[in-house]
Amino acid sequence: MSNLKEILINKNICKSVWFMRQAGRYLPEFREIRLQNQNFINLCLNSELSSKITLQPINRFNLDSAIIFSDILMVPYALNQKVEFLKNHGPRLENFNLDKFLKNNDLDFIKKLKPVYKAIEITRKKLNKEKSLISFIGAPWTLLVYMIGVKQNKNEIDLEIINKKKNEIDLILEKLINYLCLHIENQVRAGADVVQIFDSWAGLIPQEDLNNFCYSPNSKIVEFCRKKEIPVICFPRGIKKNYKDFNNLVKPDGINIDYNIDPKWAKENLKDTVIQGGLNPKILLLPDEEIYSNTKKYLDAFKGLPYVFNLGHGMLPETNPDKVNKLIKFYREYQ
Ligand code: CP3
């Protein structure tokens with residue numbers, strides 16, 4: 001069994017490190033490929049290149065796990081909603097159309113995502129057996145935020161739309177859960193060992209809607225994974241102290257904390273799960289000594305517990321890869 005999978009299932013206390021967005025713009029070898037491939041969706045659909053990019057950070061840093069190079073927005077793409085990535089603008093999706101959305105079917109959905117599964121197959125063959133291959137999905141709420149375009153700016157959503165369209169939203173979430181379970185099943189069938197659920201915009205949900213939009217959809221997917229014996233890590237970013245309720249209700253095998261969660265609080269309040277991550281990616285932009293002292297806070301807090309070292313959000317594009325190397329070395333040598 002591969003290292004991360006073993007930790008999640010048997011709650012083993014052994015060292016394991018990987019980083020969210022470990023393959024990405026901070027790596028010159030990624031930028032070189034990206035320059036030749038201006039269309040991001042097409043790059044994700046190129047199985048050979050996707051596999052090559054997935055392995056770049058493994059070859060450079062010898063990390064313990066690889067995460068397949070793809071995007072959470074490949075799901076709306078496969079549900080026939082046009083997705084574009086504009087330079088310095090982030091993703092832009094075609095206006096949502098409920099009738100069109102409801103016309104989708106499982107077979108076409110899987111067919112459109114075949115190149116992702118092929119990339120996983122290629123990567124699993126090339127990856128050392130000791131290393132886990134992580135697949136992922138966006139949580140239903142986070143995908144919905146992009147699909148219906150309710151995000152007004154970085155930290156706010158249009159609550160009026162949400163309140164007006166509650167019934168429609170429940171229907172969309174329900175359908176998304178089914179498609180996401182299919183996507184998980186096919187990624188695992190292709191050779192993925194673990195799945196991570198990114199609920200990147202969970203922090204925008206009003207307290208009274210958390211159950212409906214976050215806990216319940218994540219629970220249903222985690223329940224599916226449990227039935228299929230697929231180890232699953234959740235990342236309900238930005239929900240502050242609600243992390244405790246989330247963990248108690250959803251019961252994922254692993255939970256990634258964001259950088260606003262105090263590691264000591266996490267240790268006291270997040271039980272019967274494997275904690276992952278936490279370090280603010282901005283710390284990697286600081287001098288070495290500050291990187292080490294901040295890393296120690298996490299390693300000391302979780303000493304004697306199964307803990308997967310990672311960040312509290314994705315690696316920033318301005319990160320110097322040499323700093324990443326030093327961080328990994330420090331982590332591996334720290335007792
Ligand atoms: O972590 C990994 O290395 C695996 C690959 C991965 C990508 N996106 C590649 C990517 C994963 C796991 C994601 C998840 C993802 N995608 C999330 C959840 C995690 C998070 O960041 O909160 C979200 C919200 C997205 C949607 C998305 N994709 C956005 C908002 C953007 C543009 C803004 C940005 O940060 O670049 C992307 C593009 C994207 N996805 C890039 C990469 C490497 C950069 C593309 C480029 O080269 O321009």
Taking the options Glu208, Glu185, Glu229, name whichever one is of a type outside the set (Lys, Arg) and at positive phi. Glu229
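Please count how many residues of the range 258-281 are touching a His at 6+ places or on another chain (Cβ under 9 Å) and either farther than 10 Å from Tyr298 by Cα or among the polar types (S, T, N, Q) (or both). Give the steps one after another, and end with the answer.
First pass over the range 258-281, keeping only residues touching a His at 6+ places or on another chain (Cβ under 9 Å): 258-259, 277, 280-281.
Next, from what is left, pick out any that are either farther than 10 Å from Tyr298 by Cα or among the polar types (S, T, N, Q) (or both): 258-259, 280-281.
Adding up the residues that qualify gives 4.
Just checking, does the range 295-308 include any residue being within 15 Å of the ligand (Cβ to nearest atom), open to solvent by less than 20 Å² (accessible area, probe 1.4 Å) and of a type outside the set (Lys, Arg)?
Initially, the range 295-308 is screened for residues within 15 Å of the ligand (Cβ to nearest atom), giving 308.
Those left that are additionally open to solvent by less than 20 Å² (accessible area, probe 1.4 Å): 308.
Checking the rest, the ones that are also of a type outside the set (Lys, Arg) come to 308.
Yes: one or more hits.
Name every residue in the range 101-118 that is in contact (Cβ under 8 Å) with a residue 40 or more places away in the chain, within 21 Å of the chain's Cα centre (by Cα) and open to solvent by 50 Å² or more (accessible area, probe 1.4 Å), in order of residue number.
Step one: of the range 101-118, the residues in contact (Cβ under 8 Å) with a residue 40 or more places away in the chain are 101-102, 104, 106, 109-110, 113, 115-118.
If we keep only those that are within 21 Å of the chain's Cα centre (by Cα) too, we end up with 109-110, 113, 115-118.
Within the range 101-118, just Lys118 meets the criteria.
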Which is under 20 Å from Glu130 (Cβ atoms) and among the aliphatic types (A, V, I, L, M), of Ile41, Ile58, Ile53, Ile33? Ile58
If a residue has to be surrounded by fewer than 19 Cβ atoms within 10 Å (Cβ to Cβ) and either of a type in the set (Val, Ile, Thr) or closer than 25 Å to Val308 by Cα (or both) to count, how many in the range 39-54 make the cut? 1
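Mind checking which residues of the range 75-85 are outside any strand (DSSP E or B) and surrounded by 13 or more Cβ atoms within 10 Å (Cβ to Cβ)? Talk me through it step by step, then tell me what you get.
So the first thing to find is which residues in the range 75-85 are outside any strand (DSSP E or B), and the list is 75-82.
Hits for the range 75-85 are Val75, Pro76, Tyr77, Ala78, Leu79, Asn80, Gln81.
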If you scan the range 120-170, which residues turn out to be free of Cβ contacts under 8 Å to residues at least 24 places away in the same chain and either open to solvent by less than 20 Å² (accessible area, probe 1.4 Å) or among the aliphatic types (A, V, I, L, M) (or both)? Val150, Ile161
Conditions: (1) farther than 27 Å from Val274 by Cβ; (2) more than 11 Å from the ligand (Cβ to nearest atom); (3) of a type outside the set (A, V, I, L, M). Asn37 meets all but one. Number of the miss? (2)
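To keep it simple, each residue is scored yes or no on (1) farther than 24 Å from Met1 by Cβ; (2) of a type in the set (Lys, Arg); (3) surrounded by fewer than 23 Cβ atoms within 10 Å (Cβ to Cβ).
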site	(1), (2), (3)
Lys227	no, yes, yes
Asn242	yes, no, yes
Gly314	yes, no, yes
Asn320	yes, no, yes
Lys323	yes, yes, yes
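Tell me the residue from Ile261, Ile255 that is surrounded by 20 or more Cβ atoms within 10 Å (Cβ to Cβ) and part of a strand (DSSP E or B), please. Steps first, answer last, please.
Working: Ile261 fails: part of a strand (DSSP E or B).
The unique qualifying residue is Ile255.
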Only one of (1) at pLDDT 95 or above; (2) open to solvent by 60 Å² or more (accessible area, probe 1.4 Å); (3) not acidic (Asp, Glu) fails for Asn88. Which number is that? (1)
Which ones in the range 22-34 are within 8 Å of the ligand (Cβ to nearest atom) and surrounded by 18 or more Cβ atoms within 10 Å (Cβ to Cβ)? Gln22, Ala23, Gly24, Phe30
Could you check Asn178 against (1) in contact with a Cys (Cβ under 9 Å, 6 or more places away or on another chain); (2) open to solvent by 20 Å² or more (accessible area, probe 1.4 Å) and say which number it fails? (1)
Contact list, first residue from the range 18-38 and in contact (Cβ under 8 Å) with a residue 12 or more places away in the chain, second anywhere and within 9 Å of the ligand (Cβ to nearest atom) and small (Gly, Ala, Ser), beta-carbon distance below 7 Å, six or more apart or interchain, is Met20/Gly314; Arg21/Gly314; Phe30/Ala23; Phe30/Gly24
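Please go through the range 226-244 and give me each residue that is closer than 27 Å to Glu185 by Cα and either among the aliphatic types (A, V, I, L, M) or not in a strand (DSSP E or B) (or both), ordered by number.
Arg226, Lys227, Lys228, Glu229, Ile230, Pro231, Val232, Ile233, Arg237, Tyr243
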Looking at the range 72-100, I want the residues that are of a type in the set (D, E, K, R) and have a partner that is open to solvent by less than 50 Å² (accessible area, probe 1.4 Å) with Cβ atoms under 6 Å, at least 6 apart or on another chain. Which pairs are those? Glu94/Gln81
First in the range 41-60 and in contact (Cβ under 8 Å) with a residue 24 or more places away in the chain and over 18 Å from Gly191 (Cβ atoms), second anywhere and buried (at least 22 other Cβ atoms within 10 Å of the Cβ) and small (Gly, Ala, Ser), Cβ under 7 Å, 6 or more apart: Gln56/Ala23; Pro57/Ala23
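The values are calculated or read from the model by the stated rules, or taken from the named source; none is laboratory data. Owing to the predicted nature of the structure, the values given are computational and were not obtained by experimental measurement. Cβ: placed from backbone, ideal geometry, glycine included. Neighbour counts: every protein chain shown. SASA here: full protein model, heavy atoms, side chains in, ligands and nucleic acids out. Shrake-Rupley method; radii C 1.70, N 1.55, O 1.52, S 1.80 Å.
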